[in-house]
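J.: Okay, here's the structure, questions in a sec.
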Amino acid sequence: MEIAEQVERILQYGRICDHCLGRFFGKRSHGLSNADRGRALRIGREIALHLPHEDVEQGCWICQDLFRDVDTWAERVVRALEGIEHRTFLIGTRVPPLMAESEEMVWSDLGLTDPEPLKSEMNREVGKAVSGRTGKEVDFTHPDVVAILDPSRGEVEVEITPVFFSGRYTKRERGIPQTRWYCRVCRGKGCERCHGTGKMYQTSVEELIAGPVVAAFEARDAILHASGREDIDARMLGTGRPFVMEVVEPRRRTLPLDWLDGEINRAAGGRVGVTLTSWSSRQRVETIKSHKAHKTYRIAVEVDGAVSLDELQSALDRLRGAVIHQRTPQRVVHRRADRIRDRRVIDIDLLGPAGDGVTIEVVGEAGLYIKELISGDGERTDPSLAGILGRPARVLTLDVMQVEEKRETVQDHAASSRSTEEDTQQAEEGTPPEGPAPRHHGDPEV
C-alpha cells in the first residue's frame, strides 16, 4: 500500500491531529518532528486531490488532544520535582488503554511498518520542554529521577533513583543483629511479644548506620547489603565487613562521604563503626551478595575434662585443610533446607590459653558453620573438634576478624560505573553515580 493510500485510509477513521498522523510514519525520513511530518502528509494529500487546507487543532480521536498540553505537562513535572536534588531526569508516560488500543488498531489494520508509539513522542516532547525550563539533562540509562505522566488522572508521579555507597562496618557489641529483625508473632505490626516495637531486637547494624543516612539524604529509608552476615552474639572486628548501603528515595544526592562517615560513627556511639570508601551502584550490590568470601574467625573454646595443649594442637592439625560435611545445624534447620553441605577449613591455629578455655583462629570457606565445627552438633558435622577429641566442646565467644573482599575486575568496573573520568569528577564533587535489589533477611553464616 502506497503512503498516499495509507494516509487516505487513516483519515477515514476520524479527525486526527498532525502529531498522530505523523507518528504513523514516524520512522520515515529524519530531521522532522511528527507534527511537521503529519502536516506535510496532510498538505500533500490536499494538493493531490485539490482539497482546501484544513488545520486540525482539536478533536483527535487517537490522543484526545494530549499533545496540545505538552507545556502544561512540562510545568507539572517541574513543580513535582521541586525540592528534589537532581542533575538528570527521564520522562515516562502511562498511556490510557483506549489511546493505546486505538493506535494499535490502525497499525494492525493497515499493516504499518514505521510507526512511533504515542508514549515515545509524549516522553520526548515533554522532556525537551522540561529541559528547556530547568537546564537539566535527559538521561536514558541512569536518570536521577523519573517523572511519570498519568493522563487519566492528570497527575505526575516521581520515582527517585536510589543512591549507593560502599564501605566496611565493624560491630563491637554482641547481641545486635545485622539487619532489622521483625517480630515473628506480629511481623512488624507491633504486639505484646515485641512490646509494640514490631521487632525482635531494639536495633541492628543496619539501623545504626541508616539513621544518620536517612536524615542526611532526606530519604525514605536506607537498606544494608553486606557480604555475608555474622551471628547476633558474634562481633565483627578487624578490617570490618564489606557492605553497600542503598539510600531509598533520597531528596539530596551530593554529600561528602568523609562527613557522612563521621556522622554515622558519632550517632552509633561505638556500638558500630564504619569506614566509607566510595560511591557505588546497583551492580556492586549484586557482586557483593554473590561473592563467596573466605572469613577469619577468632573463637574462645571450652572443652569438657582435662585436655592438654598438645592434644588440642593435634586435633586442630587434623582439621586443617579438611573438607567438613555439615548437615544443616539444629539451631537453623527450622528456617533452612535440611541437607548436607561440604565446606573446607582453610587454616586453623591454636593461639593459646584464655581463662578456662583456649583461643583458636579459623580461616574457613563461605558457609562454614564455625560453632558446629567445634561442637559437632550431635554428629551432624563431621569431622569436628569434639568428635576428634572424643569429648564435648563448645564455642564460648566468637569474633569475625576478616572478610575477604572480591577484587574488582575490569568487567566489574565497567558494569558498575560509567567511566573513570566521570567517577573522578563525581568523587571530587561529592556526587554519587546513579544506581532495590530485593530485601533479604538471610541466615547467619557462622
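J.: Where does each of 160-166, 117-123 land if you order them by average Cβ count within 10 Å, highest first?
T.: Per-residue mean Cβ counts within 10 Å order the peptides as 160-166, 117-123.
J.: Which of 236, 401 has the fewest other C-beta atoms within 10 Å, and how do the rest follow up to the most? It would help to have the intermediate numbers written out before the result.
T.: Details: 236 27, 401 16.
Neighbour counts put them in this order, fewest first: 401, 236.
J.: Output the peptides 255-263, 170-178 sorted from most to least packed, where packing is the average of other Cβ atoms within 10 Å over each peptide's residues.
T.: 170-178, 255-263
J.: If we count every other residue with Cβ under 13 angstrom of residue 9's Cβ, Lys/Arg +1 and Asp/Glu -1, where does the sum land?
T.: -3
J.: When a/c is below 1.5 the answer is rounded, else prolate if a/b is larger than b/c, else oblate, so apply that to region 25-66 with a ≥ b ≥ c taken from the square roots of the Cα gyration tensor eigenvalues.
T.: Cα axes put region 25-66 in the oblate bin.
J.: In sequence order, what are the phi-derived ³J(HN,Hα) couplings for region 230-236 according to the Karplus relation 6.51 cos²θ - 1.76 cosθ + 1.60 with θ = phi - 60°, rounded to whole Hz, with x for glycine and proline?
T.: Using θ = phi - 60°, the values come out as 9, 4, 4, 8, 9, 9, 10 Hz.
J.: Could you tell me what % of all Cα pairs in region 241-324 have separations over 20 Å? Don't skip to the answer; put the middle values down first.
T.: Working: 2107 of 3486 pairs.
Here the long-distance tail beyond 20 Å is 60 percent of all Cα pairs in region 241-324.
J.: Further question on the same structure: Between 355, 307, 398, whose Cα lies farthest towards the positive end of the dipole of region 295-403 when Lys and Arg beta carbons carry +1 and Asp and Glu beta carbons carry -1, centred on the Cα centre?
T.: Final value for the positive-end residue is 398.
J.: What is the magnitude of the charge dipole of the chain about its Cα centre, with +1 placed on the Cβ of each Lys and Arg, -1 on the Cβ of each Asp and Glu, and no other charges, expressed in debye to the nearest 20?
T.: Dipole about the Cα centre, nearest 20: 1380 debye.
J.: Which FRET efficiency, nearest 0.05, do residue 185 and residue 43 yield, Cβ-Cβ r, R0 41 Å?
T.: 0.05
J.: Please name which of 111, 170, 191 has its Cα lying farthest along the dipole of the chain towards the positive end, using unit charges on Cβ (Lys, Arg +1; Asp, Glu -1) and the Cα centre as origin.
T.: It is 191.
J.: Computed from these coordinates, which is Cα Rg over 2.2 N^0.38 Å: (i) 1.04; (ii) 0.97; (iii) 1.39?
T.: (iii)
J.: For the pair residue 9/residue 36, report the inter-label distance in nm, with labels modelled 7 Å from Cα in the Cβ direction.
T.: Rounded to a tenth, the inter-label distance reads 2.8 nm.
J.: Please give the per residue volume of the convex hull enclosing the alpha carbon atoms of region 184-334, rounded to a whole number of Å³.
T.: Output value, Cα hull per residue: 196 Å³.
J.: Based on the Cα atoms of region 295-403, what semi-axes does the equivalent ellipsoid have, where each is the square root of 5 times one gyration tensor eigenvalue, given in whole Å with the largest first?
T.: That gives 21, 15, 13 Å for the three semi-axes.
J.: Along the charge dipole of region 147-206, which of 158, 201, 179 sits closest to the positive end, that is, farthest toward it, with unit charges on the beta carbon of Lys, Arg, Asp and Glu (+1, +1, -1, -1)?
T.: So the residue we want is 201.
J.: For region 3-160, what value does the Rg/Rh ratio take when both radii are computed over Cα atoms and Rh is the Kirkwood radius, given to two decimals?
T.: With Rh from the inverse mean 1/r over Cα pairs, Rg/Rh is 1.01.
J.: Step through the residues of region 198-211 one at a time and calculate ³J(HN,Hα) from phi using the Karplus curve (6.51 cos²θ - 1.76 cosθ + 1.60, θ = phi - 60°), rounding each to whole Hz and writing x for Gly and Pro.
T.: Calculated HN-Hα couplings, in order: x, 10, 6, 10, 5, 8, 7, 4, 4, 5, 5, 7, 5, x Hz.
J.: Run the simple label-point estimate for residue 152 and residue 401 please: 7 Å along Cα→C-beta, distance reported in nm.
T.: Output for this residue pair reads 6.1 nm.
J.: Summing +1 for each Lys or Arg and -1 for each Asp or Glu, what net charge is found among the other residues whose Cβ lies under 11 Å from the Cβ of residue 296?
T.: Here the charged neighbours net out to -3.
J.: Can you list the residues, at least 5 places off or on another chain, whose amide H is less than 5 Å from the amide H of residue 199, using H built in the peptide plane?
T.: So residue 199 has HN proximity to 183.
J.: If you put +1 on each Lys and Arg Cβ and -1 on each Asp and Glu Cβ, how big is the dipole of region 295-403 around its Cα centre, in Debye rounded to 20?
T.: Charge dipole, region 295-403, about its Cα centre: 620 debye, nearest 20.
J.: Scan around residue 24 for amide H atoms under 5 Å from its own, H built in the peptide plane at 1.01 Å from N, and keep only partners 5 or more places away or cross-chain.
T.: Amide H neighbours of residue 24: 116.
J.: Residue by residue through region 370-377, what is 3J(HN,Hα) from phi via Karplus (6.51 cos²θ - 1.76 cosθ + 1.60, θ = phi - 60°)? Round to whole Hz and write x for glycine and proline.
T.: Each residue's phi maps through the Karplus curve to give 6, 4, 6, 4, 7, 7, x, 6 Hz.
J.: Shifting gears a bit: Express in whole angstrom the spacing between the alpha-carbon centres of region 292-367 and region 64-125.
T.: First find each Cα centre; the distance between them is then 61 Å.
J.: Long-range amide H contacts for residue 402: which residues qualify at under 5 Å (H placed 1.01 Å from N, peptide plane, sequence gap of 5 or more or a different chain)?
T.: Here the answer is 296, since their amide H atoms fall under 5 Å of that of residue 402.
J.: Residues of region 71-111 with backbone nitrogen within less than 11 Å of a virtual label 7 Å along the Cα-to-Cβ line of residue 58, please, listed as ranges.
T.: No residues fall inside that zone.
J.: Compute all pairwise cysteine Cβ distances in the chain, then list the cysteines with no distance under 4.7 Å to another cysteine.
T.: Taking the Cβ cut-off of 4.7 Å, the unpaired cysteines of the chain are 20, 63.
Readers should treat all values here as calculations from the given coordinates under stated rules, not as data from a laboratory. Remember, predicted model here, so these are calculated numbers, not experimental data. Because the Cβ atoms are built from the backbone with ideal geometry, glycine has one as well, and the counts that use them run over all protein chains shown.
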